[in-house]
Amino acid sequence: MQIIHSVSEMQAIKINSLGFVPTMGYLHAGHVSLIRRSVKENIKTAVSIFVNPTQFGKNEDFDNYPKNLTQDLNLLKNEKVDYAFIPNQKELYPEIKNLFSLKISNNFNKKLCAKYRPGHFEGVAQIIMKLFNIVRPENAYFGLKDYQQFIAVKALVEEYNLPVKIIGCDLIRETSGLAMSSRNAYLNPSQRKEASSIYQALTKLQNDLLARAANLNNYQEHFVALIAASSPEMEVQYIEIYDRELNKINKIIPGKMLLGCAIWFHNVRLIDNLLF
Ligand code: AMP
């Protein structure tokens, strides 16, 4: 495996069938599932590890974001990744002039995580645009764990005609049902166990919605009550339902729905979703 830090060195690599998995590191089985898919579907695979400052809000966890580069590089070697791209912040963001920035529509920014993380998806669009121009992959792999991000990246590629195919990969869970996330490392083992109640509440809400055919009344209150009953220390930031293109809906069409939530638990923000 080649470990690359400089932008020009990464740009000098010219491969037709290159798969790419952008990450912020502290890799877990969710990341591994994307990496394995890329290794399988492409002649070469590049994985980037970069905690992107521009997608974090002022009071978010940029400074504390979990890191373990040695462990991550070992994992990438074991997975037969060809290039580990570990850019440094100074090179990616030299004296930012801020001449150009990507704006995201108000409609998108009113939904799900975007509403509670102003500027987040603009930051995601910025780093993805930069990474795609540096790595120039044919295929890029994104987890459906971050469903709104997947939609944003697909829109970016479509609207700016970027020559990359975006491939969405299933959300991977721990055996308890908790969605895997680097941020789970902030929780101790018993909190982690308790956090599986998010998945249980989502599943219960999904089943209730399917059972009461099309009726969306009070689903948010219902979810908040489910969470309060199992984990009183959790605070529901949002629970929202859309179709899979993130359009508002007024009735359930099985097979076309996204149910997404964000929960605060011991100062950790956890997101999860179900496609049903
Ligand atoms: P991150 O390092 O959190 O920026 O994630 C890098 C990529 O891995 C993103 O495309 C995420 O959606 C994906 N990912 C993170 N957690 C999971 C998971 N539990 N299942 C599937 N994909 C995931």
TODO: Test each condition in (1) in a loop (DSSP other than H, G, I, E, B); (2) over 22 Å from the mean Cα position of the chain (by Cα); (3) in contact (Cβ under 8 Å) with a residue 24 or more places away in the chain for LEU226 and report the one that comes out false.
DONE: (1)
Open item on the list: Suppose we filter the stretch 12-37 for residues that are within 11 Å of the ligand (Cβ to nearest atom) and on the phi < 0 side of the Ramachandran plot; how many remain?
Closed with: 15
Task: strands (runs of 3 or more DSSP E) wholly inside the stretch 37-151 containing at least 3 residues that are of a type in the set (Val, Ile, Thr) and either free of Cβ contacts under 8 Å to residues at least 40 places away in the same chain or crowded, with 17+ Cβ neighbours inside 10 Å (or both) - done: 44-49
- [ ] With the checklist (1) surrounded by fewer than 18 Cβ atoms within 10 Å (Cβ to Cβ); (2) within 13 Å of the ligand (Cβ to nearest atom); (3) among the β-branched types (Val, Ile, Thr) in hand, flag the one item THR203 doesn't pass.
- [x] (2)
Open item on the list: Filter the stretch 229-256 down to the residues that are free of Cβ contacts under 8 Å to residues at least 40 places away in the same chain and either acidic (Asp, Glu) or not in a loop (DSSP other than H, G, I, E, B) (or both) and list them by number.
Closed with: ALA229, SER230, GLU233, GLU235, VAL236, ILE239, ILE241, ASP243
Open item on the list: Residue under question is LYS204, and the condition is that it be assigned to a helix (DSSP H, G or I), modelled with pLDDT of 95 or more and over 19 Å from GLY19 (Cβ atoms); does it hold?
Closed with: yes
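Hey, does the stretch 169-181 have a residue that's assigned to a strand (DSSP E or B), touching a Gly at 6+ places or on another chain (Cβ under 6 Å) and surrounded by 15 or more Cβ atoms within 10 Å (Cβ to Cβ)?
Scanning the stretch 169-181, I find at least one residue that is assigned to a strand (DSSP E or B), touching a Gly at 6+ places or on another chain (Cβ under 6 Å) and surrounded by 15 or more Cβ atoms within 10 Å (Cβ to Cβ), so the answer is yes.
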- [ ] All but one of (1) at pLDDT 95 or above; (2) touching a Lys or Arg at 6+ places or on another chain (Cβ under 9 Å); (3) polar (S, T, N, Q); (4) over 29 Å from LEU27 (Cα atoms) hold for GLN220, so report the exception by its number.
- [x] (2)
TODO: Might you check whether a residue that is at pLDDT 95 or above, over 24 Å from ILE86 (Cβ atoms) and away from the ligand (no atom under 14 Å from the Cβ) occurs anywhere in the stretch 119-130?
DONE: yes
Task: Residue ID - nearest to ALA29 (Cα to Cα), chosen from residues in the stretch 165-212 that are touching a Pro at 6+ places or on another chain (Cβ under 9 Å) and of a type in the set (A, V, I, L, M, F, W, C) - done: ALA185
Open item on the list: Criterion first (touching a strand residue (DSSP E or B) at 6+ places or on another chain (Cβ under 9 Å), within 16 Å of the ligand (Cβ to nearest atom) and hydrophobic (A, V, I, L, M, F, W, C)) does LEU75 satisfy it?
Closed with: no
TODO: Working carefully through the options LYS67, LYS58, find the one that is more than 9 Å from the ligand (Cβ to nearest atom) and over 18 Å from the mean Cα position of the chain (by Cα).
DONE: LYS58
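The values are calculated or read from the model by the stated rules, or taken from the named source; none is laboratory data. Note that the coordinates shown come from a computational prediction; the quantities given were computed from them, not determined experimentally. Here the Cβ is made from the backbone with ideal geometry for all residues, glycine too, and neighbour counts use every protein chain on show.
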